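What follows is a set of notes on a single structure, which appears directly below.
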Amino acid sequence: MSAIDNFVQVTGCNDYQLAEQLLRKHRLHLNDAIDDYYTNHLSQGSHNNANLNVEALEAIFSQYADNSDNNIMDLDGTIAYFTDLGIDVENDPQALVAAYILESPSTGVFNRDKFIKNWGKVQPSIKSISDMSEYLNSALNDIILMKNVYKFAFKYALEEGQRKLATDDVVALWKCFYQNEFKNLEINGVESTVTKFVNDYIGGGNCRKTQISQDEWNMAYQFFQIPLNELSQYEESSAWPVLMDEFVDFLLERE
């Protein structure tokens, strides 16, 4: 599928000349071209996406908007929004997916323009809360998207001026992002690298660190993909952070 076809499929814009113009303007960067379309062309009404119900999205946002500024969904509104989506804002990874795709500027806050534009970008046919819930649930199976959500989550959790997160905060993020693995442990007793790392190593007081860096967070994504029974073949020479080296030492000594 060509870049123009991708653009048309996402936006519903049938003006191929405009699609080509925007893609050339942004050097074939599809997301940038789509952003330009939604920001500068959709609002003009001349190329409206028949599948995108702006009024429905506006109405959904308004239902949860702050009384003092109807262009902002603050923490209270966001909690109500997630509750209606069937999402536990603190424990379900769908909350992180929503924050990522809607470009939340800070924890528990959404902007009206990003809400409308980005829902239209990822799923133009969305018209209801149930549509949004269905998308967020299905997004958990999108490996590329979830890798981006994982990287986003660390920065999203940082307070202004912070460069590292306290281990307790990182543990909460890991338990949210890897919710299914922790549920599998609870229900079926099946341990994984991430559950062992979080529960036994950090939660068990065996990790000396009180803060986790962004590099350690990012590398953990790859590290947690190593099956637990393969860590005996782990090589410290593989340029993993010291945090992972010490975890493997902890495992092998315990065995």
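The values are calculated or read from the model by the stated rules, or taken from the named source; none is laboratory data. Treat the numbers as computed from the prediction; the structure is a model and nothing was measured. When we count neighbours, we look across all protein chains shown, and the Cβ atoms used for this are built from the backbone with ideal geometry, even at glycine.
For every residue, the table says whether it meets (1) modelled with pLDDT under 95; (2) in contact with a Ser or Thr (Cβ under 8 Å, 6 or more places away or on another chain); (3) of a type in the set (A, V, I, L, M, F, W, C).
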residue	(1), (2), (3)
VAL149	no, no, yes
VAL194	no, no, yes
PHE197	no, no, yes
ARG208	yes, no, no
GLN211	no, yes, no
What number of residues within segment 96-132 are small (Gly, Ala, Ser) and within 24 Å of GLN179 (Cβ to Cβ)? 6
Reported set for segment 64-118 where residues are surrounded by 14 or more Cβ atoms within 10 Å (Cβ to Cβ), among the polar types (S, T, N, Q) and free of Cβ contacts under 8 Å to residues at least 40 places away in the same chain is THR78, ASN118
Show me the helices (runs of 4 or more DSSP H) found entirely inside segment 149-255 where at least 3 residues are out of contact with any Pro (no Cβ under 8 Å at 6 or more places or on another chain) and farther than 23 Å from ILE87 by Cβ. 214-223, 242-254
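So that you can scan it fast, the table gives a plain yes or no per residue for (1) surrounded by 14 or more Cβ atoms within 10 Å (Cβ to Cβ); (2) closer than 27 Å to LEU158 by Cα; (3) polar (S, T, N, Q); (4) touching a strand residue (DSSP E or B) at 6+ places or on another chain (Cβ under 9 Å):
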position: PHE197; (1), (2), (3), (4): yes, yes, no, no
position: ASP200; (1), (2), (3), (4): yes, yes, no, no
position: GLY205; (1), (2), (3), (4): no, yes, no, no
position: ARG208; (1), (2), (3), (4): no, yes, no, no
position: ILE212; (1), (2), (3), (4): yes, yes, no, yes
position: ASN229; (1), (2), (3), (4): no, no, yes, no
position: ASP245; (1), (2), (3), (4): yes, yes, no, no
position: VAL248; (1), (2), (3), (4): yes, no, no, no
position: LEU252; (1), (2), (3), (4): no, no, no, no
Those residues of segment 31-52 which are among the aliphatic types (A, V, I, L, M) and either at pLDDT 70 or above or touching a Pro at 6+ places or on another chain (Cβ under 8 Å) (or both), in sequence order: ALA33, ILE34, LEU52
Quick one: what pairs do we get from segment 3-30, first residue at pLDDT below 85, second of a type in the set (Gly, Ala, Ser) and not in a helix (DSSP H, G or I), C-beta under 8 Å, 6+ apart or different chains? GLY12/ALA50
Test ALA239 against the criterion of being outside the structural domain of LEU96 (by TED's automatic domain parsing), within 28 Å of THR107 (Cβ to Cβ) and either buried (at least 16 other Cβ atoms within 10 Å of the Cβ) or out of contact with any Gly (no Cβ under 9 Å at 6 or more places or on another chain) (or both), and give yes or no. no
Does LEU165 fit the bill of being buried (at least 16 other Cβ atoms within 10 Å of the Cβ) and touching a strand residue (DSSP E or B) at 6+ places or on another chain (Cβ under 7 Å)? yes
